[in-house]
Structure formats: C-alpha cells, structure tokens
Amino acid sequence: MCGIVTICNYQKDIRCYHDKLIEMNQLLENRGPDESGEYVSKHCMMAHRRLSIIDLNGGQQPMSYMYEGRSYHITYNGEIYNMIDIKNQLISDGYRFYTMSDTEVIIVAYIAYKEKCVHLFEGIFAFVIDDGQKLFIARDPLGVKPLFYYVDSDETMVIASEIKSILCFIGKAIVDKRGIKELLGLGPSLTPEHTLYKNIYSLRAGYYMYYQKHAYKHQYFMLEDKEHTDSIKETIYKVRKYVIESIEHQLLSDVPITSMLSGGLDSSILSAIAYQYKQPLSTYSITYEDQDKYFKAYDYQTTQDDVYIHDMIEMYPTKHHEIVLKQSDLIDSLKEAMIARDMPGMADIDSSFLLFSKEIAKTHKVCLSGECADEIFGGYPWFYKEELYHQPYFPWMRDIDLKIDLFHENIKALNIKDYIINAYQQSLHEINTIDKKKQLIYLNIQWFMQTLLTRTDSQTMRSSIEVRVPFASTKLLQYLYNMPYDYMFYNNEEKGILREAFKDILPQSIIHRKKNPYPKTHSPIYLSLIEKKLEESLSDSSNILLQLFDQTKLLLFIHSHGQSFNVPWFGQLMMGPQLMAYFYQIYLWGKIYHIQLEL
C-alpha cells in the first residue's frame, strides 16, 4: 500500500512544480513510510510513498519500463492478488520482467492490452501510467483504494491518493453550495465522483480515465442482470467457495498478516479461514474503558463482543489482543481522524478505528477486515425493515426535516432536502431495475460502502497498515446481486445464506448472533468531554458551525445531552455523543483547512 501523486500537462513545461511535488508527496508519508521516489520529466511528474508488502527489495516506484523504444512510467497504490497468473500469461506472450512486483505486472499488462488490462486485475488498486503522450488512470471495481484529481485553468492534471495533497497544490480550500449540500445533506457519505471541495473530484469505483488535454472517463465494471438458476444447495456451496477463494487470494504477502476479530459473523469467518493457512495467527479486537459498566443494549447494538470472541479463540487458538481505548484518547484523536479523511467523517467511529489501527501497526503491516459483507449479504436493517426501504431518500437516513431544522437560515435556503432526494433518484436510475434487493445492493456499494471504505483506508493508512477486505470481491458480488431475495434471508435470518455456508466452522453462538455494528463507547465520561469541547468551540467567532447551524438549536442539543435530536444522523450510530463529535469535527475542519464557503 502506498501514496501516489502525479502532476501532468502535455502542452507546457511543468518542471517548475517540482518543489510542490515534493511537498505534496511528503504529506502522504504515513501511507508509505518505508520508501519515497520521484519521476520528473518536462510534461509529467510522479511521486510515490511506499509501504513495502510484496517484493520488499524490489518494486520501487515510480517504476519505468521500456518497450519498443517507448518509456512508460507508473505510480501505483494497491495489491493485485492474481499477479502470478497475469505475469505467466505475459511471459508466454513474450514480455520480460525484472522484478517480483505487482507494479511491473500492471505496467506490462497495460502495454500488452491497453485499457482492457483492468479486466484482468483481481485486487485493490489506484494507479497512473504515463506513456509520454497521455495518462491512463484507473481505480479498482469497488473503490477500495482512493484516487482524487483536479484540473486547473491551464489544463494541468493533478492526481493524489489524498485530497490534502491536491489542496497543497491549489493553495486554498473552497467549498461551494454543492459542497455544503454534500456535507450537511449527505455527509459523511458523498455523491460518487464528488468531494466537498470545489473542482476536486474522485475517480469513481470501476472507472478508468485517459487524459491528454481533456479527460475521457469510461465505466469498465458494472453489475449485470443474469438469471440465477442454481438451487439453494448449489448457491450455498458457491457462496462458500467464492468467499474462501477471496480470502485465500488476499493472504498473499511477504510480511505477516493478522485479522480483526469482533466476534461477529464476518470477522469470525475471515479469522477461521485465515487460521487454516497462517499459523500462528494474531487477531485483534477493540473495546472501551469501562464498557462493561456502562453498556446499554438497544435495537442495533444488542450485545457486547467479548463472549463471542472468547468462543472463537477457544475453537481457533489465535494470539488475541484486546485493545482498550480511553475516553479522553477518543476525543483527542478526533482531529487526526478528520485530517486523515480530509473532511468530517464518522466522528469517534473514525477516531477509535485510528487508535485501533495504530495498535495493530506496532506488530503488523497487513490486516484482514470483514468490511463490505453487510452491504452485499443484507446485514443492515434497511434490507428487511420496509419502512426504511420505502422512504423517498436513502434508507440509512432518518427524518430529514428534523435535520434541516438545525440549519442556519442561509443554509435552509439551499433546498438540501430536494438535493438529497434527487441524488437518491439518480442513483436508482443508474441501474434501471425495480428489483428491491438489487436496488439496495447497488445503493449500498455506491454510497454506504464507499463511506466505510473511505474510513477504513484513511484511518489505517494514517497508521501505516494495509487493510484487506475479502468480502469486496466482484465475483462474489455479481453472484449475490442476481441471487433471489429469499436466499439472502435463508432460515429467516439476516445474512442467512452466509450463516448457512459457514455454520460448520464457527461456534454455534456466532452462527446465530444478531448483526451488531462497529462498537461505540457508552461512557457518560465521553459524553461529558465532547459536550464541553463542542460548547467551547462555539465561543470561537470564526467557528464554521456558526455559518452552518442555528446557534440556539446547537446549544439546546448540547444542553439536552443530545436528546433534542434523537435519531441517527447517518447509519446506525451517529446520534447523541457521536453526533456532537461529528459537529466538533466540522469545527476542526473549518479551522484547520481554512475553509472558504461560497454561499
């Protein structure tokens, strides 16, 4: 895993930006602390930060490759899990290799097959290739790895793994009306392709782009409607097969691999399969100071994790590490978690994950995560609660009018509710189907899953570890997309098909454990700390919250201990203290990034 930067303009000499390139690359040091490299030419410059996972002694970037008198250059972030198969085919076709790196496999595959190469890659990737005349830019099918870009008035293309590097190039951070609507209406999710910042875009998952003087984008991966002819027995078999294959492929590494283990269905399956291949296997879980004392079950979080983790490590004696986080550390890390994401995110759900990742990074560089299983197997309540599905907007949102009531009068005038509903309708039109399950899967992978993948990448790469997500498999996703809805809820259980497929390798308690979200803190100490931080911030006359929200209603929210807004702002967790932390992150974002609002 790495950080990449590219500055390119084929119409002018851009070597004057060399110092800026170095500065932009330095901002990505956490993504790749092991090595740094540059490529500089008259029209294209690339920089790279490396976290060494495969071919530790080779694979330095940016990498150059000469073929038939033409020089090609690449900067790349990711892992190609089927690199050996692709390499063998290319060798059979007469191409030569000089390293054991998947970076070289990508650049040679592009030389051999041009844009069709992206169809060969099984993995997670974002890369830029320069052939001296044009750029070829691509992002993996499900958007696990990020790639942002900006084009200035002189047609100079700027590309980076993180927005902060592009902001460094621009020299200012402007958020226009659309960005405000994204932040307050859709945030922390974002419309595919868009960011909060004016003229800074994200290359969509499953797209590639050519750039010469103008950009040409093309969607190379899309879900296909096919008839599902397999019986339930055959479907269970194939689900198991595809999941195991994906996990097995993602164990490719020249450094030790570990696994996150929450005691939930998804992470338990990963850990159980990984244990068959990697022994001794280390596993990690997260909890909070005094969680036993203050935990209160509610609709979405019904149980704590510790009993289920214990059942797993009795069956699979991994070297388990329980990370216990302090309330004050959660608060103190909100700033760094926001900087890692370059925008307000999922508040302490981000900051806790950042602290968790930093602990894992003390002993490991590569970690498996159960992320993405809920989006494709139907783990969220909106897959089975009709009232959430039949809203006129995204099912992970609640009571938009209650949200809008908090806004400043100038913000209310932006018609954010219409913006949300239009974004929802446009997404549904992209797939042209009335099938409920297909609509939900598509909405989840394009929106909700992207928000969580951004969280995963930003916080783990800030900690200099690579997290792999085996459930983000295109083969598995395509199969589930066409599977009948009843199969998804086999035995009338959420994710029933997945439970049935792996019931023989898991403790009985986990097979039927209700899905619980990533754990949040229940401590009143945390609530007290974040209340104080948020209220203190309102005394800062430059606080961006004062331009976005009604101050009286913000104070009521704080003084009511979060009870005046009693539904999740987003998903299942962002209410009460978590929502206060989100507002506090907005304050920090405005102050640290010197946000200029264009109202």
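For Ala297 paired with Asn566, estimate the spin-label separation in nm (one decimal), with each label point 7 Å from Cα along the Cα-to-Cβ line.
2.2
Quote the accessible area belonging to Leu402 in square angstrom, nearest 10, computed with a 1.4 Å probe and with ligands, DNA and RNA left uncounted.
Leu402 has an accessible surface of roughly 50 Å² with all protein chains in place.
Of Lys42/Lys87; Lys233/Lys475; Lys87/Lys213; Lys233/Lys515, which pairs sit farther than 21 Å apart, going by alpha carbon to alpha carbon?
Working: Lys42/Lys87 32 Å; Lys233/Lys475 19 Å; Lys87/Lys213 32 Å; Lys233/Lys515 24 Å.
The answer is Lys42/Lys87; Lys87/Lys213; Lys233/Lys515.
Probe radius 1.4 Å, ligands and nucleic acids ignored: give me the carbon and sulfur share of the accessible area of the chain as a rounded percent.
On the way: 10900 of 22650 Å².
Of the solvent-accessible surface of the chain, carbon and sulfur hold 48 percent.
Quick one: length gained pulling Glu35 to Tyr113 fully straight, 0.36 nm per residue minus the C-alpha distance? Display every interim value, and only then the final one.
On the way: separation 78, 0.36 × 78 = 28.08 nm, distance 2.97 nm.
Taking Glu35 through Tyr113 to full extension adds about 25.1 nm, to one decimal.
Please give the contour-minus-distance gain from Val324 to Ser64: 0.36 nm per residue of separation, less the Cα-Cα distance, rounded to one decimal in nm. Numbers along the way, then the final one.
On the way: separation 260, 0.36 × 260 = 93.60 nm, distance 4.51 nm.
Contour length minus the Cα-Cα distance gives 89.1 nm.
Which loop-located trypsin sites (Lys or Arg not before Pro) does the range 287-319 contain, where loop means any DSSP state but H, G, I, E or B and the Cβ has at most 13 other Cβ atoms within 10 Å? The partial results should precede the final answer.
Details: sites: Lys293, Lys296, Lys319; in loops: Lys296.
Sites meeting the loop and neighbour criteria: Lys296.
How are the alpha carbon pair distances in the chain distributed across 10 Å bins from zero to the largest one, expressed in percent?
Per 10 Å bin, starting at zero, the Cα-Cα P(r) for the chain comes out as 3, 17, 28, 28, 18, 6, 1, 0 percent.
Placing +1 at every Lys and Arg Cβ and -1 at every Asp and Glu Cβ, with all other atoms neutral, what dipole size does the chain have around its Cα centre, in debye to the nearest 20?
Details: 62 positive and 76 negative charges, 107 e Å.
Using Cβ point charges on Lys, Arg, Asp and Glu, the chain gives about 520 debye.
Below 8 Å, C-alpha to C-alpha, sequence gap of six or more: please give me the relative contact order for the chain in percent. Mind dumping the intermediate values first?
Numbers: 1095 pairs, mean separation 94.8, N = 599.
Over the chain, the number comes to 16 percent.
Ignoring ligands and nucleic acids, what accessible area does Ser101 show with a 1.4 Å probe (Å², nearest 10)?
Looks like 0 Å² after rounding.
Taking all protein chains together and a probe of 1.4 Å, list Tyr98, Tyr76, Tyr485, Tyr81 from the most accessible to the least accessible. Don't skip to the answer; put the middle values down first.
Values: Tyr98 165, Tyr76 5, Tyr485 75, Tyr81 25 Å².
Final ranking, largest accessible area leading: Tyr98, Tyr485, Tyr81, Tyr76.
With a 1.4 Å probe and every protein chain left in place, tell me how much accessible area His214 has, in Å² to the nearest 10.
130
Taking the Cβ of Phe97 as the center, what net charge do the other residues with Cβ under 9 Å away carry, scoring Lys and Arg +1 and Asp and Glu -1? Each step should come with its number before you reach the end.
Numbers: positive: Lys87, Arg96; negative: Glu104.
Neighbourhood net charge equals +1.
How much accessible area per residue does the chain have, counting only protein heavy atoms and a probe of 1.4 Å, in square angstrom? Don't skip to the answer; put the middle values down first.
Values: 22650 Å² over 599 residues.
That works out to 38 Å² for each residue.
Over all alpha-carbon pairs in the range 386-432, figure out the percentage whose distance exceeds 18 Å. If you can, show how the numbers build up before the last one.
On the way: 379 of 1081 pairs.
When every Cα pair of the range 386-432 is considered, 35 percent fall beyond 18 Å.
What distance in nm separates the simple spin-label points at Ile174 and Tyr277, each placed 7 Å from Cα in the Cβ direction?
4.8
So what are the ³J(HN,Hα) numbers for the range 363-378, from phi and the Karplus equation (6.51, -1.76, 1.60; θ = phi - 60°), rounded to whole Hz, Gly and Pro as x?
Couplings: 10, 9, 9, 10, 9, 8, 9, x, 3, 5, 5, 5, 5, 9, 9, x Hz.
Charges on Cβ only, +1 for Lys and Arg, -1 for Asp and Glu, centred on the Cα centroid of the range 324-447; of Met338, Leu440, Ser369, which one is farthest towards the dipole's positive end?
Checking the options against the dipole of the range 324-447, the answer is Ser369.
Rounded to the nearest 5, what % of DSSP beta bridges with both residues in the chain are antiparallel?
On the way: 52 of 72 bridges.
Of all bridge pairs located within the chain, approximately 70 percent are antiparallel.
Ser351: net charge of surrounding residues, Cβ under 10 Å, Lys/Arg +1, Asp/Glu -1, itself excluded?
Numbers: positive: Lys335; negative: Asp329, Asp332, Glu336, Asp348, Asp350.
Here the charged neighbours net out to -4.
Loop only by DSSP, 12 or fewer other Cβ within 10 Å of the Cβ. Give me the GluC sites (Glu not before Pro) in the range 35-77 that pass, ordered by residue number. Numbers along the way, then the final one.
Values: sites: Glu35, Glu38, Glu68; in loops: Glu68.
Those that pass, being in a loop and sparsely packed, are Glu68.
Towards the positive end of the charge dipole of the chain, with charges on Cβ (+1 Lys, Arg; -1 Asp, Glu), say which of His559, Leu597, Asn543 has the farthest Cα.
Towards the positive end, the residue furthest out is Leu597.
Compute the distance in nm between two label points, each set 7 Å from the Cα along the Cα-to-Cβ direction, one at Ser528 and one at Ile592.
Roughly 2.6 nm, to one decimal.
In deg cm²/dmol and to the nearest 500, what is the mean residue ellipticity at 222 nm of the chain if only DSSP H runs of at least 4 residues count, each as -39500 (n - 2.57), divided by the residue total? Kindly include the intermediate steps, with their values, before the conclusion.
Working: 27 runs with 238 residues, N = 599.
Dividing the helical sum by the residues of the chain leaves -11000 deg cm²/dmol.
Given just the C-alpha atoms of the range 283-437, how large is their convex hull per residue in cubic angstrom?
Values: hull volume 29.7 nm³, N = 155.
Looking at the range 283-437, the number lands at 192 Å³ per residue.
Summing +1 for each Lys or Arg and -1 for each Asp or Glu, what net charge is found among the other residues whose Cβ lies under 14 Å from the Cβ of Asp332?
Working: positive: Lys326, Lys335, Lys358, Lys532, Lys533; negative: Glu289, Asp329, Glu336, Asp348, Asp350.
Every neighbour counted, the sum reads 0.
Enumerate by residue number the trypsin sites (Lys or Arg not before Pro) in the range 18-119 meeting two conditions: DSSP loop (anything except H, G, I, E, B), and at most 10 other Cβ atoms within 10 Å of the site's Cβ.
On the way: sites: Lys20, Arg31, Lys42, Arg49, Arg50, Arg70, Lys87, Arg96, Lys114, Lys116; in loops: Lys42, Arg96.
Sites meeting the loop and neighbour criteria: Arg96.
The values are calculated or read from the model by the stated rules, or taken from the named source; none is laboratory data. Everything numeric in this text was worked out from a predicted model, so none of it was measured. Positions of Cβ are backbone-derived with ideal geometry, glycine not excepted, and every protein chain shown enters the neighbour counts. With ligands, DNA and RNA removed, areas are computed over all heavy atoms of the protein, side chains included. Shrake-Rupley method; radii C 1.70, N 1.55, O 1.52, S 1.80 Å.
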